[in-house]
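Asks: Let me give you the structure first, and then I'll get to my questions.
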């Protein structure tokens, strides 16, 4: 029986072509900036995103941590959403390692933060307050239904940031999902952003790695911070090689994940006792809720796991499923059949 793993798009495995290019990658010492494959990936990433330079790092968490530390001095503050991955799921790293204070504002269901609230959160010059050092957004927004932030919204936040001499960072772990959903190239979508991090190991299916893009002087700072955090890697071309391949071959297929998510969401919403806000399903993340406390949510997850369907409970009555390259239309059909059978039996 095939295990249908809908816990995350991080569970994707590298393709056969990725394994081939990893084996045959030209290598050097990346701490000395002499790995030719890494250099190609960083140059290509910067070109795709319309930025001056780029840096590969081991993980998305490290990418966001390094970016915040490069923008902010100790004792300053970053404005971000209360449902931001950086705030909720990155071990408090910006405070623990950087002495940077998170100033959280409410995220709307679509992942946005009210512009007036952002303006109001920017600190005045007063010794009682930390100085504001950065504004950070997440696109797509994981907790907020995988919502893509529009270019218009990002640009409006960028105007607020620039008018207050603040940089704007995007946690773009799933930025290519946003690009596909909005039908905009990433360089257009984030042209007014100062820095962005994106993940190679989610929808792009690489085994490891994230990339930070920004101005050359900013990337120089991130390189030094990466070294201090232990993220400098030697023959990192074995990581960069599948990344290069993914940027050429894997972006367009993300559309399949979005289509599967839509079919999955509509099917779940038709099951008695379950509810999906269908208007919010725009990428590859599907959240659904129990309409009544029909069953303990942890038991639901355990029982379906026994049927070969893996997903997460994410709240008192809320679940998350994430479509990915390892999920096809037959898997969607089987998932819906198992869910329907399970909830009909309660």
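Asks: Go through the range 258-279 residue by residue and tally those that are farther than 25 Å from residue 296 by Cα and touching a residue at least 12 places away in the same chain (Cβ under 8 Å). Spell out how you get there, then give the answer.
Replies: Taking the range 258-279 as the starting set, the residues that turn out to be farther than 25 Å from residue 296 by Cα are 258-260, 262-263, 279.
Pick out the ones that are also touching a residue at least 12 places away in the same chain (Cβ under 8 Å) and you get 258, 260, 262-263.
Residues meeting the conditions: 4.
Asks: Right, next: List, please: which pairs have Cβ atoms under 8 Å, are six or more places apart or on different chains, and start with a residue in the range 91-105 that is in contact (Cβ under 8 Å) with a residue 60 or more places away in the chain and end with one that is assigned to a helix (DSSP H, G or I)?
Replies: 97/65; 97/69
Asks: Which condition breaks for residue 16 when tested against (1) closer than 30 Å to residue 330 by Cα; (2) touching a strand residue (DSSP E or B) at 6+ places or on another chain (Cβ under 8 Å); (3) free of Cβ contacts under 8 Å to residues at least 24 places away in the same chain?
Replies: Single failed check for residue 16: (2).
Asks: How many residues does the range 280-310 hold that are more than 22 Å from residue 174 (Cα to Cα) and either touching a residue at least 60 places away in the same chain (Cβ under 8 Å) or in the same structural domain as residue 143 (by TED's automatic domain parsing) (or both)?
Replies: Step one: of the range 280-310, the residues more than 22 Å from residue 174 (Cα to Cα) are 289-309.
Filter again for either touching a residue at least 60 places away in the same chain (Cβ under 8 Å) or in the same structural domain as residue 143 (by TED's automatic domain parsing) (or both), leaving 308-309.
So the count comes out to 2.
Asks: Kindly indicate whether residue 215 is under 30 Å from residue 157 (Cα atoms) and more than 20 Å from the chain's Cα centre (by Cα). Walk me through how you get there before you give the answer.
Replies: Numbers: under 30 Å from residue 157 (Cα atoms): yes; more than 20 Å from the chain's Cα centre (by Cα): yes.
Criteria met by residue 215.
Asks: On the basis of being in a helix (DSSP H, G or I), over 21 Å from residue 51 (Cβ atoms) and either in contact with a helix residue (DSSP H, G or I) (Cβ under 6 Å, 6 or more places away or on another chain) or free of Cβ contacts under 8 Å to residues at least 12 places away in the same chain (or both), does residue 238 make the cut?
Replies: Answer is yes for this residue.
Asks: What number of residues within the range 34-71 satisfy the criterion of being crowded, with 24+ Cβ neighbours inside 10 Å and assigned to a loop (DSSP other than H, G, I, E, B)?
Replies: Number satisfying all stated conditions: 1.
Asks: Just one of the numbered conditions (1) in the same structural domain as residue 167 (by TED's automatic domain parsing); (2) in a loop (DSSP other than H, G, I, E, B); (3) surrounded by fewer than 19 Cβ atoms within 10 Å (Cβ to Cβ) is not true of residue 7; which one?
Replies: (1)
Asks: Which count do you get for residues in the range 318-339 that are crowded, with 19+ Cβ neighbours inside 10 Å and touching a strand residue (DSSP E or B) at 6+ places or on another chain (Cβ under 9 Å)? Please lay out each step first, then the result.
Replies: From the range 318-339, those crowded, with 19+ Cβ neighbours inside 10 Å are 319-325, 327, 331-332, 335, 339; that's our starting set.
In the following step, the residues that additionally are touching a strand residue (DSSP E or B) at 6+ places or on another chain (Cβ under 9 Å) were identified as 319-324, 327, 331-332, 335, 339.
Going through the range 318-339 one residue at a time, the tally reaches 11.
Asks: Could you count how many residues in the range 320-346 are in a strand (DSSP E or B) and out of contact with any helix residue (DSSP H, G or I) (no Cβ under 7 Å at 6 or more places or on another chain)?
Replies: Of the residues in that region, 1 qualify.
Asks: Still on this model: Would you check if residue 149 is part of a loop (DSSP other than H, G, I, E, B) and either modelled with pLDDT of 95 or more or under 29 Å from residue 276 (Cα atoms) (or both)? Outline the logic, then answer.
Replies: Numbers: part of a loop (DSSP other than H, G, I, E, B): yes; either modelled with pLDDT of 95 or more or under 29 Å from residue 276 (Cα atoms) (or both): yes.
Answer is yes for this residue.
Asks: Within the range 244-255, is even one residue touching a residue at least 12 places away in the same chain (Cβ under 8 Å), more than 14 Å from residue 174 (Cα to Cα), more than 19 Å from the chain's Cα centre (by Cα) and not in a helix (DSSP H, G or I)?
Replies: No, there is no match, as no residue in the range 244-255 is touching a residue at least 12 places away in the same chain (Cβ under 8 Å), more than 14 Å from residue 174 (Cα to Cα), more than 19 Å from the chain's Cα centre (by Cα) and not in a helix (DSSP H, G or I).
Asks: Going residue by residue through the range 11-29, is there one that turns out to be touching a helix residue (DSSP H, G or I) at 6+ places or on another chain (Cβ under 9 Å), at pLDDT 95 or above and buried (at least 23 other Cβ atoms within 10 Å of the Cβ)?
Replies: no
Asks: Inside the range 76-131, counting only helices (runs of 4 or more DSSP H) that do not spill past its ends, which hold 3 or more residues that are surrounded by 14 or more Cβ atoms within 10 Å (Cβ to Cβ) and either modelled with pLDDT of 95 or more or in contact with a helix residue (DSSP H, G or I) (Cβ under 9 Å, 6 or more places away or on another chain) (or both)? Give the steps one after another, and end with the answer.
Replies: Details: elements: 85-88, 93-98, 115-121.
Those helices (runs of 4 or more DSSP H) span 85-88, 93-98.
Asks: Right, here's the next one. Which condition from (1) in the same structural domain as residue 138 (by TED's automatic domain parsing); (2) not in a loop (DSSP other than H, G, I, E, B) is the one that residue 259 breaks?
Replies: For residue 259, the failing item is (1).
The values are calculated or read from the model by the stated rules, or taken from the named source; none is laboratory data. Since the model is a prediction, treat every value here as computed from it, not as a measurement. Neighbour counts are summed over all protein chains in view; Cβ atoms, including those assigned to glycine, are modelled from backbone coordinates with ideal geometry.
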